[in-house]
Amino acid sequence: MRVPLGSHSRAELFRELVRLALTEADEKTISGVVSAVEAREAQGSTAMGGGLAVPHGRTDLVSDLSLSAGIVRGVPDYRGPDGSPAAVAFLVLTPEQEMGKHVKVLASIARLMHSAPERAALLSSSTAEEFLAAVKRSESA
């Protein structure tokens, strides 16, 4: 988790989120995972609207569910269908065969952001600790 994320373009943001999720990975793995996320993005934008972005990918370059997240600022080329810029991003990575787990995590994130108070708590986070606390509060609700 990083608040705020430091990227200034969608491509930079994907790479930053992948590096956060896979801290021990080598550059070849990072590049391969970024390619999987970009391939998914080519099918349709993962900026969902309302400030939410959920870039994701399924690739066997990851052995289990891997996540990263943070507050996005200054990424003008990543906008939802409503025209709103991405303000919070959750990266979801799963192995190819884990489609069920992948969909379940995406649904959980969508529920979190659907609640106006929980979304506001995330968006107002000024530290990674506040961001994580907002996520945990929503899980227990």
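The values are calculated or read from the model by the stated rules, or taken from the named source; none is laboratory data. In this text, all values refer to a predicted model and were calculated from it rather than measured experimentally. As a convention, Cβ positions derive from the backbone with ideal geometry for all residues, glycine included, and neighbour counts pool all protein chains shown.
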Subset of the stretch 24-80, residues touching a Pro at 6+ places or on another chain (Cβ under 8 Å), among the β-branched types (Val, Ile, Thr) and in contact (Cβ under 8 Å) with a residue 40 or more places away in the chain, comes to Val37, Val62, Ile71, Val72, Val75
Mind checking which residues of the stretch 103-118 are under 15 Å from Ser140 (Cα atoms) and not polar (S, T, N, Q)? Ile109, Arg111, Leu112, Met113, Pro117, Glu118
Would you mind stating whether Gln97 is in contact with a Lys or Arg (Cβ under 9 Å, 6 or more places away or on another chain) and either over 29 Å from Ser140 (Cβ atoms) or of a type in the set (Phe, Trp, Tyr) (or both)? yes
Within the stretch 81-141, which helices (runs of 4 or more DSSP H) (wholly inside it) include 1 or more residues that are within 12 Å of Gly50 (Cα to Cα), over 14 Å from the mean Cα position of the chain (by Cα) and of a type in the set (Gly, Ala, Ser)? 116-123
Is one or more of the residues making up the stretch 82-92 modelled with pLDDT of 95 or more, of a type in the set (S, T, N, Q) and either closer than 25 Å to Ala134 by Cα or surrounded by fewer than 19 Cβ atoms within 10 Å (Cβ to Cβ) (or both)? no
State yes or no: is Ala89 within 19 Å of Leu20 (Cβ to Cβ) and in contact with a Gly (Cβ under 9 Å, 6 or more places away or on another chain)? yes
